[in-house]
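Step one of this worksheet: look at the structure below.
The values are calculated or read from the model by the stated rules, or taken from the named source; none is laboratory data. Model, not experiment: these values are computed from the prediction. Please note: Cβ atoms are built from the backbone with ideal geometry, for glycine as well, and neighbour counts cover all protein chains shown.
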Amino acid sequence: MTTVSAIVLAGGKSSRMGKDKALIPIQGIPLLEKVCNVAKSCTDTIYIVTLWPDRYQNLQLPGCEFIQENLSNTQGPLVGFTQGLEKVKTEWVLLLACDLPNLRVEVLQDWVNRLDNVETENIACLVKNTQGWEPLCGFYRSHCLPLLLDFLNQGGRSFQEWLKLYPVAHLPLSEPDMLFNCNTPEDLQQFIAT
Ligand SMILES: Nc1nc2c(ncn2[C@@H]2O[C@H](COP(=O)(O)OP(=O)(O)OP(=O)(O)O)[C@@H](O)[C@H]2O)c(=O)[nH]1
Ligand SMILES: [Mg+2]
């Protein structure tokens, strides 16, 4: 089976939520912990990229390694991903946002099993929606790092724009609510109510 690592992004400002999304308890478990638990079903190597590892010190995150972003301010998920990718030693990396309360282990494991059959030209393997790729719940080849650095050096910061430059393979998703992400207090209320 393909070996993968995982990168969990937890360096966003949570400005729409008004408090750190990573720490919001879902059924009593902080969201970042929940996401890392799901990532654990795919790999033993999990990197959490954040500007503030101290905040997450008391979470149950066994085996997860913090990567402290060496920036004075957040630069967005593409930059956070790049900082994580610099550590990755496996061929593929699973990238996850920290605000995905609905992730399903069986779906992610099915996706991992598909990676061996992805054509080599593809730099990533992602779900597509009507607006474009879902960049924050899917797989990237670690050798895309130089391409990503080039893009950042030219001032690019958008996942969607970067992904337009290279071939990307599709991942199937029969239940799109798995990608529901909690951005606002209303999103959270909606999630808790369902
Ligand atoms: N490491 C890192 N993660 C980031 C950065 N910006 C966003 N993220 C993460 O990327 C994911 C998606 O980001 P958003 O849903 O926009 O979250 P956010 O930026 O915290 O929220 P808003 O401030 O409301 O836009 C979340 O897991 C964030 O923690 C960043 O600069 N560095
Ligand atoms: Mg989000």
- prompt: Quick check: anything in region 91-114 in contact with an Asp or Glu (Cβ under 6 Å, 6 or more places away or on another chain) and farther than 26 Å from Gln190 by Cα?
  reply: no
- prompt: Is at least one residue of region 32-49 among the hydrophobic types (A, V, I, L, M, F, W, C), part of a loop (DSSP other than H, G, I, E, B), within 10 Å of ligand 1 (Cβ to nearest atom) and within 20 Å of Arg157 (Cα to Cα)?
  reply: no
- request: Exactly one condition in (1) more than 15 Å from the chain's Cα centre (by Cα); (2) within 14 Å of ligand 2 (Cβ to nearest atom) is not met by Leu32; state its number.
  value: (1)
Region 149-186, residues that are within 16 Å of ligand 2 (Cβ to nearest atom) and without any contact (Cβ under 8 Å) to a residue 24 or more places away in the chain: Glu186
message: If Asp54 satisfies all but one of (1) more than 15 Å from ligand 2 (Cβ to nearest atom); (2) within 26 Å of Leu115 (Cβ to Cβ), what's the number of the condition it fails?
response: (2)
- prompt: Take the residues of region 1-23 that are away from ligand 2 (no atom under 12 Å from the Cβ) and charged (D, E, K, R): which is farthest from Ala97 (Cα to Cα)?
  reply: Lys19
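With the condition kept exactly as written, say whether any residue in region 37-52 is over 14 Å from the mean Cα position of the chain (by Cα) and at positive phi.
Of region 37-52, the ones over 14 Å from the mean Cα position of the chain (by Cα) are 41, 44, 51-52.
Filter once more, keeping what is at positive phi: none.
Looking through region 37-52, none of the residues is over 14 Å from the mean Cα position of the chain (by Cα) and at positive phi.
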query: Has region 80-87 got at least one residue that is without any contact (Cβ under 8 Å) to a residue 40 or more places away in the chain, surrounded by 19 or more Cβ atoms within 10 Å (Cβ to Cβ) and in a helix (DSSP H, G or I)?
result: yes
Single condition Gln190 does not satisfy, out of (1) touching a helix residue (DSSP H, G or I) at 6+ places or on another chain (Cβ under 6 Å); (2) without any contact (Cβ under 8 Å) to a residue 60 or more places away in the chain; (3) closer than 19 Å to Leu31 by Cβ: (1)
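Looking at Ile26, is it in contact with a Cys (Cβ under 9 Å, 6 or more places away or on another chain) and surrounded by fewer than 21 Cβ atoms within 10 Å (Cβ to Cβ)?
The answer is yes for Ile26.
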query: Mind checking which residues of region 50-73 are within 11 Å of ligand 1 (Cβ to nearest atom), crowded, with 16+ Cβ neighbours inside 10 Å and part of a loop (DSSP other than H, G, I, E, B)?
result: Leu51, Glu69
message: Tell me whether region 15-30 contains one or more residues that are part of a helix (DSSP H, G or I) and either within 9 Å of ligand 1 (Cβ to nearest atom) or within 25 Å of Leu145 (Cβ to Cβ) (or both).
response: yes
query: Can you pull out the residues in region 1-13 that are at pLDDT 95 or above and either surrounded by fewer than 18 Cβ atoms within 10 Å (Cβ to Cβ) or within 19 Å of Cys125 (Cα to Cα) (or both)?
result: Val4, Ser5, Ala6, Ile7, Val8, Leu9
- prompt: Is there any pair with a first residue in region 130-142 that is of a type in the set (A, V, I, L, M) and a second that is within 16 Å of ligand 2 (Cβ to nearest atom) and part of a strand (DSSP E or B) whose Cβ atoms are under 8 Å apart and which are 6 or more apart or on different chains, and what are they?
  reply: Leu136/Leu9; Leu136/Leu95; Leu136/Leu96; Leu136/Ala97
